[in-house]
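Okay, structure first, notes after.
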Amino acid sequence: MIPCTCFIQEGQRADQIQETLKEKLDAFSQRAFNAPAQQMWITVSGGNGFTEAKPSTSSIVSFQSDVPLEQDKRADLLRELCSIWTAETDCSLDEIVATINDPRA
Amino acid sequence: MPLYLCNARPGTLSADAKAGIADDITRIHCEVTGAPPTFVHAFHFDGGMAPDIGDKSIALHGNIRAGRTDDQKQDIMDQICDAVAHRSGVTRDQISMTIGDVPASWAMEGGDIMPEPGEEAAWLEAHAAKTAQAG
């Protein structure tokens, strides 16, 4: 299983279509890492999320690879992850932060 | 990135205090590191799973881009904890904070790999040009 943590803002499109996004992220994890995603979703309640000290519309999606990644491969996967998010949620690229971490040492 | 998480026991922080703390976190992070405020995310939780509150009243954790010095990280933690104490009325010894490093190259924001510390201005300029071209 590939650990995956998603922070989303309450009431936004990403919050409303969680099940769809979970399926998409699981499929992404299978393609990228050949293993399903162990997903933890955390909804930031209204009034509790801030970006640039203003109410946030940002989602943060973080995967932890099971093997160290070459940077070109990581960049490609990050682009794919952002594309999934923008396509499904109608958010802009500026509203998605994606990280893919190497395994913990 | 950075992403700061602030987890407080339910009822500890008012809505005004949360907004004020987010403002303080943004200002302090930018003053200490030179990063632009547009990068700074601050999310609050009331009795959330993480960061672990333990025997404290408020726990904070920051995931920041790697490359900051230990002195910078300590300065950020000291200033943020002082600000949280001031905003919340909770004593300083009831507030804990940790910071973790994430290589900039592991993160993407706005569709671009994040800049290394010190390269933010060029990144923002290139990002703005790309956005204008796309729009």
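Just so you know, all these numbers are worked out from the coordinates, no wet-lab data involved. Note that the structure is predicted; figures quoted are calculated from it, not measured. Cβ sites come from the backbone with ideal geometry, for glycine too, and all protein chains shown count toward neighbours.
With +1 on the Cβ of every Lys and Arg and -1 on the Cβ of every Asp and Glu, and nothing else charged, how large is the dipole of chain B about its Cα centre, in debye rounded to the nearest 20?
Computed about the Cα centre, the dipole is about 340 debye.
Within 10 Å of each candidate Cβ there may be at most 15 other Cβ atoms; applying that plus a DSSP loop requirement, which GluC sites (Glu not before Pro) in region A:1-50 survive?
When the GluC sites (Glu not before Pro) of region A:1-50 are filtered for loop state and at most 15 Cβ neighbours within 10 Å, A:10 remain.
Can you give me the relative contact order of chain B as a percent, contacts being Cα pairs under 8 Å and 6 or more apart?
29
If I take R0 = 35 Å and measure r between the Cβ atoms of residue A:54 and residue A:34 in this structure, what FRET efficiency does the formula 1/(1 + (r/R0)^6) give, to the nearest 0.05?
0.30
Measuring from a point 7 Å past the Cα of residue A:73 along Cα-to-C-beta, which residues in region B:101-130 have an amide N at less than 20 Å?
Hits in region B:101-130 for residue A:73 at 20 Å: B:103-108, B:113-114.
What do you get for the angle between helix B:15-33 and the principal long axis of chain B? Use alpha-carbon atoms, 0 to 90 degrees, nearest ten.
Once rounded, the angle reads 50 degrees.
Determine, from the Cβ-Cβ distance of residue A:42 and residue B:116 and an R0 of 25 Å, the FRET efficiency 1/(1 + (r/R0)^6), rounded to the nearest 0.05. Write out the running numbers ahead of the final one.
Working: r = 28 Å, r/R0 = 1.12.
Efficiency, from the Cβ-Cβ distance: 0.35.
With +1 on the Cβ of every Lys and Arg and -1 on the Cβ of every Asp and Glu, and nothing else charged, how large is the dipole of chain A about its Cα centre, in debye rounded to the nearest 20?
I would put it at about 160 debye.
Per DSSP H run of at least 4 residues, take -39500 (n - 2.57); add these up for chain B, divide by its residues and hand me the 222 nm value, nearest 500 deg cm²/dmol.
For chain B, the value works out to -13500 deg cm²/dmol.
DSSP loop (so not H, G, I, E, B), at most 13 other Cβ within 10 Å: list which trypsin sites (Lys or Arg not before Pro) in chain A pass both filters.
Those that pass, being in a loop and sparsely packed, are A:104.
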